1. Confirm whether residue 289 is touching a Pro at 6+ places or on another chain (Cβ under 9 Å), at pLDDT 95 or above, within 24 Å of residue 58 (Cβ to Cβ) and not hydroxyl-bearing (Ser, Thr, Tyr).
2. Working carefully through the options 257, 222, find the one that is within 30 Å of residue 209 (Cα to Cα), of a type in the set (S, T, N, Q), within 20 Å of the chain's Cα centre (by Cα) and not in a helix (DSSP H, G or I).
3. If I filter region 316-334 down to residues being hydroxyl-bearing (Ser, Thr, Tyr) and at pLDDT below 95, which single residue comes out as nearest to the chain's Cα centre (by Cα)?
4. What number of residues within region 96-124 are within 15 Å of the chain's Cα centre (by Cα) and among the polar types (S, T, N, Q)?
5. Being over 19 Å from residue 204 (Cβ atoms), modelled with pLDDT of 95 or more, assigned to a loop (DSSP other than H, G, I, E, B) and in contact with a helix residue (DSSP H, G or I) (Cβ under 7 Å, 6 or more places away or on another chain) is the filter here; which residues of region 111-168 pass it?
6. Filter region 107-141 down to the residues that are within 27 Å of residue 249 (Cα to Cα) and among the small types (Gly, Ala, Ser), then identify the one that is surrounded by the fewest Cβ atoms within 10 Å (Cβ to Cβ).
7. May I ask you to verify whether residue 135 is more than 30 Å from residue 257 (Cβ to Cβ) and in contact with an Asp or Glu (Cβ under 9 Å, 6 or more places away or on another chain)?
8. So which of 185, 173 is closer than 30 Å to residue 214 by Cα and assigned to a loop (DSSP other than H, G, I, E, B)?
Amino acid sequence: MLDETSTDGSVGRKRTDGMDSRRVSRRGFIVGGAAGTTALTGLAGCSGVLGGGGSEPITMLLTPDTPSDVRPQYAPVHDMLEGEIDGLDLEMEVPQDYSAVRTALESEQAEIGMDDVTLISKPDMMDLFGTAVTGGTAFYFSMMLTKPDSDIDERTDIEGKNMAFADRLSTSGSIFAVYALKEAGLDVGDAPDGDPVDFEGTWSNHGDAVQRVLNDEADACTTWSGNGMAYLAEDQELPDRVAEEDSFIGNRGQEGTALRPFWWSFPIPKQPIYARQSWDSPMKAKIREQLIASDESLIQEYLPEDYNENDLPFTTLEETTMDNYEPVIKRLNDLGIDLG
């Protein structure tokens, strides 16, 4: 039985600039993470290392997760923007958690972000560029996974079990899942800010949530489809809405270890890309225009060798408004999550 929630609502260029290295920049105290409260791990081109060449250094904050997973995924986007915009020195950094994103933007340590929770928490502080599109769709899914021989077949079976979540403020890895468990009749207590009542919960990140199930440290987990699809059997049947709207279905079977899905959300808008309003630079409009002008053929020119195209998080930008994120706002309010 599958528990579901109904709808509401060419050869690539190889990098030679040390993509995975960290460097000290104008924001060295947060890039290195040795001091200060906002820990970020960076991906940067070499053009601005010494601050020369007349380029303008810009920091874009990626989605908080395991840096070694996230950085390579966004390499084509990084290289496309630097390759197409003259004078751009782009740093892509990975915050430790979602709360670090707003801190970095408010303190002007970064210019651009791409998560819905931060945007929702301070919409008047941001200029919304649009919603990321990849594989021809602007949507993804939250999903719950368990081992194939588990006795968990639906959300109510989580009662008395241990559930692994991503970051507490992750839309797909926490907020949608906690709301779905509450909707199914479970007492979620003060989760995700506090402890649930009818089950045990642990919060970390998307990668760790899945690993906890694989290591028998949790009975089930929740994650986003860009992470979870790889752990499904190659021939795993999918709900029609997932098969039609999700761009990561080609990842099924990649990890070799199959988990079984027992719940899927309705389509969730992919991450918005936005800039802080206090950033006054012609580069803001240039980046937005380039993201909108981008398409699959252009991104293909910047794919590194051996890049898994199913992991590509962005091909273009779809213009959108805050109304698209109303389902997220509804769940934040229902769970009493104060974003400050």
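The values are calculated or read from the model by the stated rules, or taken from the named source; none is laboratory data. As the structure is a prediction and not an experimental result, all values here were calculated from the model. Here Cβ is always computed from backbone atoms with ideal geometry, including for glycine, and neighbour counts include all displayed protein chains.
1. Details: touching a Pro at 6+ places or on another chain (Cβ under 9 Å): no; at pLDDT 95 or above: yes; within 24 Å of residue 58 (Cβ to Cβ): yes; not hydroxyl-bearing (Ser, Thr, Tyr): yes.
So residue 289 does not fit the description; no.
2. Values: 257 fails: within 20 Å of the chain's Cα centre (by Cα).
Answer to the selection: 222.
3. Start the filter on region 316-334 by keeping residues that are hydroxyl-bearing (Ser, Thr, Tyr), which leaves 316, 320-321, 325.
Pick out the ones that are also at pLDDT below 95 and you get 320-321, 325.
Working: 320: 18, 321: 19, 325: 15 Å.
The selected residue is 325.
4. The number of residues fulfilling the criteria is 3.
5. 141, 151, 152
6. Of everything passing the filter in region 107-141, 136 is surrounded by the fewest Cβ atoms within 10 Å (Cβ to Cβ).
7. Taking the combined requirement at face value, the residue does not satisfy it.
8. The match here is 185.
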